[in-house]
Amino acid sequence: MSERTLRTITVNQIGYPLDGQKIAVFTGTEHDFQVVDVDSGTIVFKGSSDAGRFDKASGVTLHTGDFSEVNTEGRYRIEQGEGLASASFSISDQPYHELQQGLLKAFYYYRCGVELTEEYAGDWKHKACHTAKGIVYGQPDLQLDCSGGWHDAGGYGNALIRQ
């Protein structure tokens, strides 16, 4: 494949902090880019990427573009050349807050050994599960209390056979 075929724009799709560094990574030969407000279509920043360096692992030349000057909350995308655009991303005071909340909620949904009620778990509700002793794989005479914890918390090598 040629670098022209592989040309893309990579951004942090989770988002960037208001006062933090904001970098996009480009493949291809074009160096000019612009940051566009998704809601209004307004160009809020114009810049150029660096000269680039060959990335041996991917086999392409990578360029970085710094748009840290953009420090207004909103949803944006990077555009380059004719019709090439990045995924949208946010710039906000707490760009990782939603991700953090989602991860914490996932730990709750995966809880094992206790009932999850519809009030807090919604569609993920379930009765208490995995409350009996389990037999250790390969040692059927050995039974251990393995109640509680989280579903999918380990690999097959660590698994207990539940009764």
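The values are calculated or read from the model by the stated rules, or taken from the named source; none is laboratory data. As the structure is a computational prediction, the values presented were derived from the model and not from experiment. FYI the Cβ positions are ideal-geometry reconstructions off the backbone, even for glycines, and counts take in every protein chain you see. Surface accessibility is based on the protein's heavy atoms, side chains included, excluding ligands, DNA and RNA. Shrake-Rupley method; radii C 1.70, N 1.55, O 1.52, S 1.80 Å.
Hey, any idea what Rg/Rh is for the chain, computing Rh the Kirkwood way over Cα pairs? All intermediate terms of the calculation are to be shown ahead of the outcome.
On the way: Rg = 24.1 Å, Rh = 19.8 Å.
Ratio value, two decimals: 1.21.
About the centre of its Cα atoms, the chain shows a dipole size close to 620 debye [charges on the beta carbon of Lys, Arg (+1) and Asp, Glu (-1) only; nearest 20 debye]. Given their separation in residues at 0.36 nm each and the Cα-Cα distance between them, Ala128 and Asp141 gain 2.2 nm when the chain is fully extended.
Can you give the net charge of the other residues whose Cβ lies under 15 Å from the Cβ of Val70, counting K and R as +1 and D and E as -1? Mind showing how you got there, number by number?
Details: positive: Lys22, Lys46, Arg75, Arg77; negative: Asp19, Asp37, Asp39, Asp66, Glu69, Glu73, Glu79, Asp93.
So the surrounding residues net to -4.
A compact globular protein would have a Cα radius of gyration near 2.2 N^0.38 Å; the ratio found for the range 36-119 is 1.64.
Residue by residue, the range 40-55 carries 3J(HN,Hα) couplings of 9, x, 6, 7, 9, 7, 10, x, 10, 7, 6, 5, x, 8, 6, 9 Hz when phi is fed to the Karplus relation 6.51 cos²θ - 1.76 cosθ + 1.60 (θ = phi - 60°); x denotes Gly or Pro.
Think of the chain as a dipole: +1 on every Lys or Arg Cβ, -1 on every Asp or Glu Cβ, centred on the Cα centre; then among Val44, Gly113, Ser86, Gly113 lies furthest on the positive end.
The accessible-area ordering, largest first, of the residues Val136, Val35, Val114 stands as Val114, Val136, Val35, per a 1.4 angstrom probe.
Mind checking the range 19-90 for GluC sites (Glu not before Pro) that DSSP puts in a loop (not H, G, I, E or B) and that have at most 15 other Cβ atoms within 10 Å?
On the way: sites: Glu30, Glu69, Glu73, Glu79, Glu82; in loops: Glu30, Glu69, Glu73, Glu82.
Sites meeting the loop and neighbour criteria: Glu69, Glu73, Glu82.
For the chain, the mean residue ellipticity at 222 nm estimated from helices alone is -3000 deg cm²/dmol, where every DSSP H run of n ≥ 4 contributes -39500 (n - 2.57) and the total is divided by all residues, rounded to the nearest 500.
Among the trypsin sites (Lys or Arg not before Pro) in the range 4-104, those placed in a DSSP loop whose Cβ has at most 14 other Cβ atoms within 10 Å are Lys56. Karplus-based coupling profile of the range 103-114, in residue order and whole Hz: 5, 5, 5, 4, 4, 5, 4, 8, 4, 10, x, 9, with θ = phi - 60° in 6.51 cos²θ - 1.76 cosθ + 1.60 and x standing for Gly or Pro. Summarising the label geometry, the points placed 7 Å from Cα in the beta-carbon direction at Gln34 and Gln21 lie 2.7 nm from one another.
Output the relative contact order of the chain, whole-number percent, from Cα pairs under 8 angstrom with separation of 6+ residues. Write down the numbers at each step before the final one.
Working: 311 pairs, mean separation 30.3, N = 163.
That works out to 19 percent.
Under a 5 Å amide H cut-off, with hydrogens placed 1.01 Å from N, Phe45 pairs with Val35 among residues at least 5 apart or on other chains.
Note on Tyr96 and Tyr110: the extension gain reaches 2.9 nm, defined as 0.36 nm multiplied by sequence separation minus the Cα-Cα distance. Among the GluC sites (Glu not before Pro) in the range 98-139, those placed in a DSSP loop whose Cβ has at most 15 other Cβ atoms within 10 Å are Glu115. Remark on the range 26-69: hydrodynamic radius 11.6 angstrom, per the Kirkwood mean of 1/r across alpha carbon pairs.
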